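To keep things clear, I will list the structure first and then write my remarks on it.
Throughout, read-outs are computed from the coordinates displayed, never taken from laboratory work. Note that the structure is a prediction, hence the values are computed from the model and not measured. Glycine also receives a Cβ, built like all others from the backbone with ideal geometry; neighbour counts cover every protein chain displayed.
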């Protein structure tokens, strides 16, 4: 069965109550897991913290990034809340201290975000952990994918396009079967940023075994990822479609169903 990750990311806007509402929404939708993002702001954005950027938290990029970031207090509460409702959670680290921070929790995976897929030092650090790994591959050529996979030894490689929202004409979902052929038995997944759910459904039909989609309560909310997210009803419908897809695809063998025989008796000429 396709494993479905509801990417909360930073759509919580630094608000723990909103984060819990998003966890609840993901659970209602039928997602298997929720995911956040963890950054050490001073490391990831060290050269641009003072750039102008208006946000609810101030006038600089640093103000915005610090306002969006959860720390130990929030993640402790997220861990307790997810445990209380039976919802697995994890986060993608964007630097080594964040990776070490996430190692103190019991998440099911470590996720290498596409932005980190060429950071050799970070990839080596991820590779040394004993947790299952997911590797996203947006902005990577085939050589970079191979090098990142070699360093991290992932259980899942995610096809991905890093535009927010992504244009459907740029998704190149036909690359999924190529990844499956090249990296078997590693599972291949799809991390989508398009504004609808249909590409994720097609990705599963192409062989994706893991799907990750951003979830939001309202796409008009403040935040760079909101427009590339699905609202709860859209996410719910996508989950239902993915769950029903194996039955629709069948086993590839031609047969006449019992119902078809009944129709044939009525419509065909029988000598």
For region 50-68, what are the residues that are in contact with a strand residue (DSSP E or B) (Cβ under 8 Å, 6 or more places away or on another chain) and within 19 Å of residue 96 (Cα to Cα)?
none
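Confirm whether residue 43 is touching a helix residue (DSSP H, G or I) at 6+ places or on another chain (Cβ under 9 Å) and crowded, with 16+ Cβ neighbours inside 10 Å.
On the way: touching a helix residue (DSSP H, G or I) at 6+ places or on another chain (Cβ under 9 Å): yes; crowded, with 16+ Cβ neighbours inside 10 Å: no.
No.
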Top-ranked residue of region 179-201 - restricted to ones that are assigned to a helix (DSSP H, G or I) and in contact with a helix residue (DSSP H, G or I) (Cβ under 9 Å, 6 or more places away or on another chain), ranked as nearest to residue 6 (Cα to Cα)
200
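Just to be sure I understand, how many residues within region 232-269 are at positive phi and over 40 Å from the mean Cα position of the chain (by Cα)?
Step one: filter region 232-269 for residues at positive phi, giving 250, 252.
If we keep only those that are over 40 Å from the mean Cα position of the chain (by Cα) too, we end up with none.
Total satisfying the criteria: 0.
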Of the numbered conditions (1) surrounded by fewer than 12 Cβ atoms within 10 Å (Cβ to Cβ); (2) under 30 Å from residue 21 (Cα atoms), residue 257 satisfies every one except a single condition; which is it?
(2)
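Taking region 101-136 as the region of interest, how many residues are in a loop (DSSP other than H, G, I, E, B) and either over 16 Å from residue 39 (Cα atoms) or touching a strand residue (DSSP E or B) at 6+ places or on another chain (Cβ under 6 Å) (or both)? Can you show your working first?
At the first step, the residues of region 101-136 found to be in a loop (DSSP other than H, G, I, E, B) are 103-109, 113, 117-119, 128-132.
Narrowing further to those that are either over 16 Å from residue 39 (Cα atoms) or touching a strand residue (DSSP E or B) at 6+ places or on another chain (Cβ under 6 Å) (or both): 106-109, 113, 118, 128-132.
Qualifying residue count for the region: 11.
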Output the residue which, of all residues in region 1-27 that are out of contact with any helix residue (DSSP H, G or I) (no Cβ under 7 Å at 6 or more places or on another chain) and in a loop (DSSP other than H, G, I, E, B), is nearest to residue 115 (Cα to Cα).
15
Could you check region 63-95 and list, in sequence order, the residues that are without any contact (Cβ under 8 Å) to a residue 40 or more places away in the chain and in contact with a helix residue (DSSP H, G or I) (Cβ under 7 Å, 6 or more places away or on another chain)?
65, 66
If I ask for residues that are over 23 Å from the mean Cα position of the chain (by Cα) and under 26 Å from residue 90 (Cα atoms), which ones from region 35-55 would you list?
42, 43, 46
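Against the definition (closer than 18 Å to residue 229 by Cα, touching a helix residue (DSSP H, G or I) at 6+ places or on another chain (Cβ under 7 Å) and surrounded by fewer than 16 Cβ atoms within 10 Å (Cβ to Cβ)), how does residue 30 come out, yes or no? Explain how you work it out, then say what you get.
Working: closer than 18 Å to residue 229 by Cα: yes; touching a helix residue (DSSP H, G or I) at 6+ places or on another chain (Cβ under 7 Å): yes; surrounded by fewer than 16 Cβ atoms within 10 Å (Cβ to Cβ): yes.
Taking the combined requirement at face value, the residue satisfies it.
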Mind checking which residues of region 104-119 are surrounded by fewer than 20 Cβ atoms within 10 Å (Cβ to Cβ), in contact with a helix residue (DSSP H, G or I) (Cβ under 6 Å, 6 or more places away or on another chain) and farther than 19 Å from residue 74 by Cβ?
118
Matching residues in region 67-98 (crowded, with 18+ Cβ neighbours inside 10 Å and in a helix (DSSP H, G or I)) number 5
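Tell me, please, whether a residue that is more than 23 Å from residue 187 (Cα to Cα) and in contact with a strand residue (DSSP E or B) (Cβ under 8 Å, 6 or more places away or on another chain) can be found in region 81-95.
Going through region 81-95, the residues more than 23 Å from residue 187 (Cα to Cα) turn out to be 81-86, 95.
Subsequent filtering for residues that are in contact with a strand residue (DSSP E or B) (Cβ under 8 Å, 6 or more places away or on another chain) retains 82.
Within region 81-95, one or more residues are more than 23 Å from residue 187 (Cα to Cα) and in contact with a strand residue (DSSP E or B) (Cβ under 8 Å, 6 or more places away or on another chain).
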